[in-house]
Amino acid sequence: QVDAVRVYVNSSSENLQYPVLFVVRQQKGVLSWQVPLIFRGLYQRTYNYQEVSRTLCPSEPAPERGPSDQVIFVDVASMAPFNIAYELLITRLESFQLETNKAFNFTASPSQPQYFLYKFPEDVDSVIIKVVSDAVYPCSVVSVQDIVCPVYDLDHNVEFNGIYQSMTKQAAITVQRKDFPGEQFFVVFVIKPEDYACGGSVPSSMHGNVNRTWNLQRTKNLQVTIEPSIKKSVYIQAMFFSFLSFLSFYLGSVVVAFVHYISTDMQLTVSFGSVSVSGSGIMTSSHPITASTPEGSSYGAIDESSSSGGQQLCSPELKPPAGYDTDSSVEEESDFDTMPEIESDKNVIRTKVFLYLSDLSRKDRRIVSKKYKIYFWNIITIAVFYALPVIQLVITYQTVVNVTGNQDICYYNFLCAHPLGVLSAFNNILSNVGHMLLGFLFLLIVLRRNILHRRAMEMKDIYTLDYGIPKHFGLFYAMGIALMMEGVLSACYHVCPNYSNFQFDTSFMYMIAGLCMLKLYQTRHPDINASAYSAYASFAVVICLAVLGVVFGKNDVWFWVIFSMIHVLASLALSTQIYYMGRFKIDGPDSDLGMFRRAAMVLYTDCIQQCSRPMYMDRMVLLIVGNLVNWSFAVFGLVYRPRDFASYILGIFICNLLLYLAFYIIMKLRSSEKLLPIPLFCIVATAVVWAAALYFFFQNLSSWEETPAESREKNRPCILLGFFDDHDVWHFLSAAALFFSFLVLLTLDDDLDTVRRDKIPVF
């Protein structure tokens, strides 16, 4: 048992020019202070205390000598030309060493800090120090320091050594035996003279003697409990659980693929019984098939003049060759149609009241497919250039935390932050493995579909040419990469979560939501979807706005006015392009006034003359609802100016995606199309898993919108395997939810594979 001595002094003198100086000399150190003891705050405010109590650095008896007397010298001096009365009291601390799993209560104040000793038991490698208080204020600091004299236990020097946290009602510090060679440490408790560091009121700037405060009563009752942390076996169990949980998705995918293979084989057997192929290369079928157009002139076009009747012939000479789906170095991605007459023709086709998929899938398939593959290669380039600086930055953050000991830099859930190596919260990083594993699994599923489609093209399967949704997989590959990168960047963010790097966690969320909307639109608008360059440029603008929001979005009204205007104008511009299928152009052949005349004409004909019945009713309903939602977001941001700007933008993306997906499914059902069992299962699974995930997301275990001390009030213990907290469960479930969401987009229109494109409506 280690003995400690506490020195209490008191002086009635208020003369700051002639303080009483106390110097305590021990065998291994010297401790000194003055009375009145002065603490400095903001705006040069001073807080003076006439009562001071300090614990002397204890001397542990040598084992070979046994107990021995310790000699302490206390020197009292003052330069005052007059006598000053003081009181000196030295007491022996009965409870100086803290015990494992035993709560200890005490009181501290700015001029009377406390610290205690803790020794690691033999079978414990790490412990968690839990400190609680019933009162929010006064603001306090909890520090863990090595057994070195002197102990830094005043407000101005407590941050000089060890690990420390600010605290209001709750604090938690995980300490590992390997960090303390002596297998023991001091737990120091300091009360700050002001509360602004913990979110309290900031003192006003005053001048003169009013800026001095004497003997301010700032005592705080605290309770400290030191509990053993988890063992290494729990780390291993958590890692096995994380990987096996998501590897089960791989097993399920293999089972589904096998069942699909068996069912497809049976369907082929049945179909060959009703289709015969003659030696002359003419295929006859019991179903009417429209003749395909020559290669290179139109892709998936339907000859409307011959669609009314008769059995059509499909000549092999008119079909694409076996290597139709391959890329050629001669072919370049272009936004222009390959048919000379299609530029004038598409202005007529795309403005028809009732559009079908054949009207919007007229371009050469090789050119369109190459165009969408650019999404995949571009996102890989973006991911590399974006992720490398992020990784470097968060490593720097973690290094600063480890070197300085300042645990106010990062907003962890300290009651469930399990360190591993240099990482302070390994559990928050491990829980992101699901995004990477499921993203890679989605890439494999898309690759399988792509291979099956290529084989069907090589077999000259008629259904791959004129039937079903055109198969372009570039956006799906990009979505898989985005899901994997979301896991990487979310893990980077959780290395040291704070206000500055939250944008790392959300950047690829924007891209995922945007790519999903583009894929949904591309399904029935393959010829007029945005190019990869314009799409990623738009994402870059969004991320730039997110960065500006982090810097200026706190209190600057001008930023929110500009952003709201950009948001509303962008919504209107995008709505116009969607409504007119990309054929709306404001230009005038005669003069600059022509564009205003055209805009006025469009406004009059489409909005005034046909206000009761727009030309494209379904599109109009979607766009009206969509604009109302986006304008509501703009007004909300302008009025409330949320501090979490990144989540605000993400909410805009998610709401627009959900609105468009709901519209798409409703229109699909209205068009008498079916939902096959697999997409129906994926839709139900997506809804259920997202609901569960959002429940855990809104638990709010920490918040960098508040001070670190206030954020720690929200901290809660682990809920899964004693290793993962609510936010980790959110990571697991959100990864699964995103995976199912991607599968919905991948399989939603599988029922149309045997439907002619001139029978598939566009909406």
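For this structure, a couple of remarks:
- Extension gain from Thr107 to Ile72, taking 0.36 nm per residue of separation minus the Cα-Cα distance: 10.1 nm
- Peptide ranges 636-646, 175-185, 107-117 listed from the most packed, as the mean C-beta count within 10 angstrom indicates: 107-117, 636-646, 175-185
- Spin-label pair Gln34-Thr219: with each label point 7 Å from Cα along the Cα-Cβ axis, the two points sit 2.7 nm from one another.
- Vicinal HN-Hα couplings computed from phi for the stretch 486-503 (Karplus, 6.51 cos²θ - 1.76 cosθ + 1.60; Hz; Gly/Pro x): 4, x, 5, 6, 5, 5, 4, 4, 7, 4, 8, x, 7, 5, 6, 10, 5, 4
- Of all accessible heavy-atom area on the stretch 62-162, the percent that carbon and sulfur account for (1.4 Å): 51
- Centroid-to-centroid separation of the stretch 702-723 and the stretch 508-539 [C-alpha atoms, Å]: 36
- Options Ser741, Ala709, Phe698, ranked by Cα towards positive dipole end of the stretch 684-746, top entry (Cβ charges): Ser741
- When both the stretch 668-694 and the stretch 397-474 are represented by their alpha-carbon centers, they are found 22 Å apart.
- Mean-position separation - Cα centroids, the stretch 127-160 and the stretch 615-662, in angstrom: 47
- Cα point-scatterer Debye curve for the stretch 138-264, base-10 log of I(q)/I(0) at q = 0.14 Å⁻¹: -0.81
- Amide H contacts of Cys139: Lys192, each under 5 Å away and 5 or more positions distant or on a separate chain (H built 1.01 Å from N in the peptide plane; Pro and chain starts excluded).
- Nonpolar atom fraction for the stretch 706-761, defined as the carbon and sulfur part of the 1.4 Å probe accessible area, stands at 59 percent.
- Given charges at Cβ of Lys, Arg, Asp, Glu: the stretch 615-706 dipole, positive-most of Phe636, Ile654, Val621: Val621
- Flagged links, alpha-carbon separation over 28 Å, of Lys28/Lys130; Lys102/Lys220; Lys169/Lys554; Lys371/Lys674: Lys28/Lys130; Lys371/Lys674
- Summary of packing: across the peptides 71-82, 19-30, 554-565, 500-511, the per-residue average of other C-beta atoms within 10 Å ranks them, highest first, as 500-511, 19-30, 554-565, 71-82.
- Per residue solvent-accessible surface (Å²) - the stretch 715-759, probe of 1.4 Å: 29
The values are calculated or read from the model by the stated rules, or taken from the named source; none is laboratory data. Only a predicted model underlies this, so the values are computations on that prediction, with no experimental measurement involved. Here the Cβ is made from the backbone with ideal geometry for all residues, glycine too, and neighbour counts use every protein chain on show. Accessible surface is based on the protein model in full, side chains and every heavy atom, while ligands, DNA and RNA are left aside. Shrake-Rupley method; radii C 1.70, N 1.55, O 1.52, S 1.80 Å.
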